[in-house]
Each structure stands twice: as structure tokens, then as C-alpha cells.
Amino acid sequence: MSAGTTDGRRAGTADRPRTGAPGPRADTTPGAARDAVALRRLAVATLEANWEHDHSVPSRTLYPHQWSWDSAFIAIGWSHVRPERAWRELGSLFRAQWVDGRVPHIVFNPALRVGSYFPGPQFWDSALAEGAPAAATSGLVQPPVHAPAAWLAYRRAPTGAGRAALARLYPRLVAQQRYLATRRDFGAGGLACIVHPWESGLDNSPAWDAPLAAVPADAAAMRAYRRHDTAHVDAAHRPTDLDYARYVALVASYRERRYRDEDLAGRHPFLVECPLLNAATGAAEHALARIAPLVGADPGPHRERAARITEALVRRLYDPTTGTFQPRDLRAGRLVPARTVLGLAPLILPDLPARQASALVAEACSPRFGLAARMDRPLPSHDRTAPDFEALRYWRGPSWMNINWWVRQGLLSHGRPDLAGGLRDSMIELVTGAGCHEYFHPDTGAGLGSPAFGWTAALLLDVLADDPAG
Ligand code: DGY
């Protein structure tokens, strides 16, 4: 994974009004709002406010526990200001790793009251699973972005303590990879499957509409539960009740067999090979190949696995007719037609063949996503030209910092500092205007979701530090 330093220009001039909800905001008076020092302060204050004894919460209100891929992105941010927290963040998450190697997508904080999140620990009931840790967790995973995060954190602060932390993490990161490679390859083609949209991290992406339609559910089932998210955020900006009914049904199907993966292929209604999760798995092998020599391990097997994952991604998920990657729905036996931002994720792989890399750059630069060396807004999460594009609803259109950060890393590793620079400027301008929101209106830049969101702050720190002029 690359993190280049020569990619662009300073942010341009903001000229349109924004209407973000209240929350920590940058000072938007001319000059000061452009001040990287003020933005950095805002980001650090957001991270500090979300720190909770040994981990960060993504948001005090919406997500009060520890989330797996959030912690990885947040660790990158901590490495810029308090590197010891980067290691504590990853260390606390991996203490909740299951015996089979899975890293749960939520680790619950036992100090919080019952009902502080839905679905909470009682719903997941991880204690019933063999090999679950003492801490209450979910039974699902999220994209394994932790090895790349650990590598970037170490490179940012290469201390003896960092090296010791890497040595402790390394076997756990390897076990995480082994879980995905051996327990989740239901298609037997060298890629891991997600068994729930939450495992992709892009919960209600239009990519999941077709495979989810096969999951029997009724929105009325949600009357039995109290959703936590819509108590804090406008329901029009969140997944629908029908989405949630399906999410709940899928968890129930997995939980019923105590989160065992052995017989999922034959009975589970949602089995999909996700381009982002598999690109993360490949990027993790590349990062482990960099980490291995530092901890006395052999990088060779990581390089070999990375090459195999890239080859499998191209073979199974690349569609030459659309020129992008699309999820493979194993139940239906076909690629999902939606062209979402998930399809751009394999650009992170440094060994992605030039043909696919240039096709992804073309896809990102098309009117669907609007990437350019000078651009007003970062990439949306879904194809802007699609009839089901929704500017306000979570992963169905809004812009997110983590995905833009990811694509920017890919552009840097594929020799496009011009486009990486445009993306960087647009990301900085977005947060300058609206604050550290969870997601943003892809046209106006208005802040949406939680107003003080951890990975937005963390990745802002990372792109600010990567200043080509600095
Ligand atoms: C969950 O409830 O864990 C979802 O991932 C939130 O987006």
C-alpha cells in the first residue's frame, strides 16, 4: 500500500453555501477556514472526544461501541498525533478476535446500558458460539483493513514500541487472513464471501439490492425492535425498515447455527464475493509482506497470497463489458449489475494489471463518479447517473472519507498523482465546509449522519499530513 507525498495542489476556494447539521466545525471565515492548523485541531479534538479507555467509538451518539474497520482507519489518524493510541486501538480490537481467526465487526463496551445500540449484545448472543471471546461481540466481520493500517501507523511512527506492537499483532493479522481464506471461500475460486451486507462496510449499497431481494423479510418485523440509528439521524438518510428486517433475518440465520461457517453454503440466503472486502484482503497480504521482515517472519507466502487474490479478483469479479469490478452473487450465480464505488476498490492493489487499473481510472473519471485533477466534490458512493442514486441515503449516494481515501491510495500506487491531488483537495474542502461528519451530500457537501465521526477526523489528518507542498 502506498502513501505518496507528491500528489497535488492546495485546496481551492469554497464558493457555495453548505447546510451541515451542528457539530464540531472548522472556522469558515476566509483564510482561517483554509488553515490546515485549524482543521488539524478540529480533527484531533474529534478523535480525543471519541476516545474510550482503550479504543475509539466511531461516534458517541450513533455508534457507541468499537467497530472493526473504523478502528483501523482511526488508528491511522492516531499514528499522526498519539502513536501509542494507534497500537492500543488495534490491540483492544484484536483481543476480541475469535479462536477461528475472525475479527468481529463490533466489540461491545460492557459499561454501556442495555439498549444503547441496536442490534446490541443480547441480540448477537456471541457467548453461544464456540471460540468466541469473553467480551460480547457480533459474529460478522468487516473488510480486513487492519494490516494496511498497522503498516501505515508503523511507517508514520517507526519506534521500538511500534515494532513490538507489530510483533504482537502479526500472528493475529495472519489468523484473520486465514479465516477469510479458508472458512469463507464458498465459491472455491480464491475469494472470500460476505454473508451479510454489514460485512462489506457499505451496508445499504445498491450492490446488495439484488442479492438481498432473495432474503425473505417483512418490514413489519421491525415493530418488535427499537432502531437506535433513526433516533439520532433522519430516517431518510438511513437504511429502510425493510433493509433492517433483512439484516436481522440474516443475523438470525447465522446465529441459529452459532455462527458456524461449515454449512452456510448449503443454507444461508446471502453469499456474495465483494470487491472491496477481497481487495482489502489482498492489500492486507501486501502489508503483511512489508511487516514480516520486521518481526522475523518470511514475506514470501504473503506475496504469493497477494498475487493469488489479485488474480482471483480479476478472474471472478472484473466485467470487461462494464470495465469495473462487480460483486458476485453466489446464490444467483451472476455478477450484480449495480456500478457502485465498491467496484473501484481493487485499485488499491499495486499488482492490479494495467488493463484493469486503467479501466478503473476511466470508470472513476466518468460522469458516474466525477474524478478529476480539479473537482468540486469527492466521489459519491454510487453511480450518479443511476436511477436509484439517492444523494442523502447513507451508502446509496453520499460521499464518505474512507472510500475516497482508499481510492486516493490506489491512484498514488498506480501513478496518478494528478488525480490523487484533485481527490485530496476535494476531501479537505469537504471537511472544511461541513466538519467531521460521517458522510456528506455529494453535491452540496452538507454534513450528514453523525457530526463528530472518528474515521473522517483520522483520515483528514492523514491527507493533511501528506501535503505535497509541505
Ligand atoms: C451495524 O449495526 O453494525 C452496522 O454496521 C452499522 O452501520
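Residue count for the range 382-406 satisfying the condition of being closer than 23 Å to HIS146 by Cα, in contact with a strand residue (DSSP E or B) (Cβ under 6 Å, 6 or more places away or on another chain) and not in a loop (DSSP other than H, G, I, E, B): 1. Residues in the range 245-271 that are more than 16 Å from the ligand (Cβ to nearest atom) and either open to solvent by 10 Å² or more (accessible area, probe 1.4 Å) or under 30 Å from PRO350 (Cα atoms) (or both): SER253, GLU256, ARG257, ARG258, ARG260, GLU262, ASP263, ALA265, GLY266, ARG267, PRO269, LEU271. Looking only at residues in the range 44-70 that are assigned to a strand (DSSP E or B) and not aromatic (Phe, Trp, Tyr), the one that is surrounded by the most Cβ atoms within 10 Å (Cβ to Cβ) is SER56. Pairs are defined by a Cβ separation below 9 Å, a sequence spacing of at least 6 or placement on different chains, a first member in the range 123-141 that is at pLDDT 95 or above, and a second member that is more than 15 Å from the ligand (Cβ to nearest atom) and polar (S, T, N, Q); the pairs so defined are PRO133/GLN97; VAL141/GLN176. Among the conditions (1) under 30 Å from VAL81 (Cβ atoms); (2) in contact with a Lys or Arg (Cβ under 6 Å, 6 or more places away or on another chain); (3) outside any loop (DSSP other than H, G, I, E, B), the only one that LEU212 does not satisfy is (1). Note on the range 85-96: residues that are surrounded by fewer than 18 Cβ atoms within 10 Å (Cβ to Cβ) and of a type in the set (A, V, I, L, M) total 0. Of all residues in the range 386-401, exactly one satisfies the criterion of being surrounded by fewer than 22 Cβ atoms within 10 Å (Cβ to Cβ) and touching a Leu at 6+ places or on another chain (Cβ under 8 Å), namely LEU392.
Being free of Cβ contacts under 8 Å to residues at least 60 places away in the same chain, in contact with a helix residue (DSSP H, G or I) (Cβ under 9 Å, 6 or more places away or on another chain) and among the basic types (Lys, Arg): is that true of ARG416 here? Yes: the conditions hold for ARG416. Which members of the range 97-131 meet the condition of being open to solvent by less than 30 Å² (accessible area, probe 1.4 Å), away from the ligand (no atom under 14 Å from the Cβ) and hydrophobic (A, V, I, L, M, F, W, C)? Correct list: TRP98, ALA129.
The conditions of being under 17 Å from LEU461 (Cα atoms), free of Cβ contacts under 8 Å to residues at least 12 places away in the same chain and surrounded by fewer than 23 Cβ atoms within 10 Å (Cβ to Cβ) are met by ARG82. The conditions of being surrounded by fewer than 24 Cβ atoms within 10 Å (Cβ to Cβ) and either among the β-branched types (Val, Ile, Thr) or touching a residue at least 24 places away in the same chain (Cβ under 8 Å) (or both) are met by ALA332. Restricting attention to the range 299-329 and to residues that are free of Cβ contacts under 8 Å to residues at least 24 places away in the same chain and in contact with a helix residue (DSSP H, G or I) (Cβ under 6 Å, 6 or more places away or on another chain), the residue that is farthest from LEU191 (Cα to Cα) turns out to be PRO299.
When restricted to residues that are more than 16 Å from the ligand (Cβ to nearest atom), open to solvent by 10 Å² or more (accessible area, probe 1.4 Å) and touching a helix residue (DSSP H, G or I) at 6+ places or on another chain (Cβ under 7 Å), the range 134-156 contains 4. Taking the condition farther than 17 Å from PRO58 by Cβ and buried (at least 19 other Cβ atoms within 10 Å of the Cβ), does VAL431 pass? In short, no. Based on what the data block shows, is ASP241 within 16 Å of the ligand (Cβ to nearest atom) and open to solvent by 10 Å² or more (accessible area, probe 1.4 Å)? Criteria met by ASP241.
The values are calculated or read from the model by the stated rules, or taken from the named source; none is laboratory data. Since we're looking at a predicted model, the values are computed, not measured. Using ideal geometry, Cβ is built from the backbone for each residue, glycine included, and neighbour counts are taken over all protein chains shown. The accessibility values were calculated without ligands, DNA or RNA, using every heavy atom of the protein model including side chains. Shrake-Rupley method; radii C 1.70, N 1.55, O 1.52, S 1.80 Å.
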